[in-house]
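Report on one structure; see the data block that follows.
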Amino acid sequence: MVMAAALASGVSVVERVLESKDLERTLAILAAAGADIRRENPGTYRIRGVAGVPRGGNDAPLSCDVHESGTTCRLLTAVLAAGAGRFRIHGAPRMHERPLGELCEALETLGVSLAFEGRPGYPPLVLSTRGLAPAADGSPCRIGLGESSQYLSGLLLAAPLAQGPLTLEISGDKVVSWPYVGLTLQTLELFGVPFSVETRAPGTAAKAAWQSADWRGLSEVRPGGIRFRMQPADYRAGMYAAEGDWSGASYFLAAGAVGRAPVRVEGLNTTSLQGDRAMLDILRRMGAHVEAEAAAVTVFPSALHGIDVDMGACPDLVPTVAVLAAHAEGMTRVRNVAHLRIKESDRIAAPAGELARIGVRTREYPDGLEVYGAGRPPFPTCPASDETPRFSSHGDHRMAMSLALLELYGRRIELDDPACVSKSFPTFWDEWSRVRGQ
């Protein structure tokens with residue numbers, strides 16, 4: 001939402017923004033590209049946008065340090081490509097191991113020049129642009145989403161700034177994290193950007209008719225079966241408020257199921273398009289007692305059992321579900337998350353390795369893992385009562401927050417890097433202390 005406000009003409013006020021290191025990186029780059037961004041209060045920002053033209057450097061490229069934020073990197077690489085000038089996209093060492101190739105190939109078809117400083121298809125890179133130039137014959141820009149749906153989200157945010165009408169079509173072999181595309185479309189709609197969505201049966205002839213579709217009704221899509229038709233348009237400045245964050249809430253909802261007391265989380269939109277709202281369904285399938293209201297959810301301590309679950313639409317929940325599965329009876333199988341191996345950590349291997357420290361048996365697959373639940377603690381090889389269990393966060397905020405669930409039975413754990421939660425949830429440990437103390 002702050003990104004859309006920064007692209008608008010005029011002044012917007014965005015409230016209830018979740019503040020984090022990732023947000024700091026995003027705002028810093030947008031400000032360097034010409035947006036005037038002022039923090040009025042915690043979570044409230046007044047933003048004068050760039051009127052559709054992010055400005056880069058001329059001779060020397062504008063430095064765009066995304067640090068460890070993959071979201072910032074993927075979205076802004078596309079958005080800045082719709083601007084004017086030269087931009088250097090770079091970050092922390094782990095970021096330089098995370099691919100951007102499919103997005104970069106799409107941008108090159110739109111006239112953007114890209115120079116990779118190291119491995120082709122990976123940051124750091126310098127993009128030089130005079131704006132996005134759609135094909136004169138109207139042929140679509142195709143983008144694969146096997147690695148991240150944020151490639152498409154970035155292009156959707158950038159498309160209204162293009163020099164002419166632009167059609168975006170999903171290609172490749174698979175689509176991951178589709179709900180996040182829905183959030184992007186919701187943002188475009190909120191900021192007054194027109195678009196249309198068309199579908200056809202995948203595998204049909206290339207000239208098969210496309211049919212208009214209601215994007216809100218699309219829960220699953222396949223490559224070759226959906227496209228987005230965009231027109232040049234202005235983002236509308238105004239007053240906006242961000243939704244409560246289901247990703248951040250997921251750890252506390254899980255705590256209600258495996259802890260000693262119910263946990264109630266307020267400020268959540270239970271009809272949200274956020275993919276991590278799936279935590280409600282996963283908890284229920286595992287046997288948790290969940291009560292959902294219009295703007296709050298309460299989860300009660302419950303006897304859990306293992307499930308087989310496709311998490312391609314909600315991959316950020318996988319570390320948390322892995323720890324939940326350790327508390328459950330029986331085996332839990334997580335599928336369709338091969339792309340988790342290129343996140344801040346390998347989010348398939350990392351949960352498996354940490355659970356092994358307490359004797360929970362796991363099995364890795366290329367696209368997921370199995371966790372053989374031990375039921376409620378004590379776990380098979382818990383340290384002696386006078387020892388503090390030690391775990392590695394793998395430098396990954398989601399690993400650190402999910403591992404916190406292991407200390408809900410009076411045993412504090414020791415993490416090598418608890419501060420890494422600042423990437424997405426700087427106040428996590430303060431909030432967690434309220435749950436841990438129950």
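Of the residues 249, 184, 237, the one whose Cα sits farthest towards the positive end of the charge dipole of the stretch 181-253 is 184 (charges of +1 on Lys and Arg Cβ, -1 on Asp and Glu Cβ, taken about the Cα centre). The magnitude of the dipole of the chain, with charges of +1 and -1 set on the Cβ of Lys/Arg and Asp/Glu and taken from the Cα centre, is near 260 debye. Under the convention that each Lys and Arg Cβ holds +1 and each Asp and Glu Cβ holds -1, the size of the dipole of the stretch 263-323 around its Cα centre is about 100 debye. Taking every C-alpha pair closer than 8 Å and separated by at least 6 residues, the mean separation divided by the residue count of the chain gives a relative contact order of 12 percent. Positive end of the dipole of the stretch 319-412 (Cβ unit charges, origin at the Cα centre): among 408, 350, 365, the Cα lying farthest that way belongs to 365. The orientation-averaged projected area of the convex hull spanned by the Cα atoms of the stretch 14-101 comes to 5.9 nm².
When the solvent-accessible area of the stretch 261-341 is split by element, carbon and sulfur atoms take up 51 percent of it, the probe being 1.4 Å. Computed over protein heavy atoms with a 1.4 Å probe, the accessible surface of the chain works out to 40 Å² per residue. Separation of the stretch 336-411 and the stretch 314-333, taken as the distance between their Cα centroids, equals 9 angstrom.
Per the Debye calculation on the chain with a single equal scatterer at every Cα and no solvent contribution, log₁₀ I(q)/I(0) for q = 0.06, 0.10 Å⁻¹ amounts to -0.26, -0.72. Sequence gap at least 6, Cα distance under 8 Å: using those rules, report the relative contact order of the stretch 324-373 to the nearest whole percent. Answer for the stretch 324-373 is 50 percent.
In the chain, the DSSP beta bridges split such that about 70 percent are antiparallel, to the nearest 5.
The values are calculated or read from the model by the stated rules, or taken from the named source; none is laboratory data. These figures come from a predicted structure and were not determined experimentally. With ideal geometry, Cβ positions are generated from the backbone for all residues, glycine too; neighbour counts draw on all protein chains shown. What goes into the accessible areas is simple: the full protein's heavy atoms, side chains included, and nothing from ligands, DNA or RNA. Shrake-Rupley method; radii C 1.70, N 1.55, O 1.52, S 1.80 Å.
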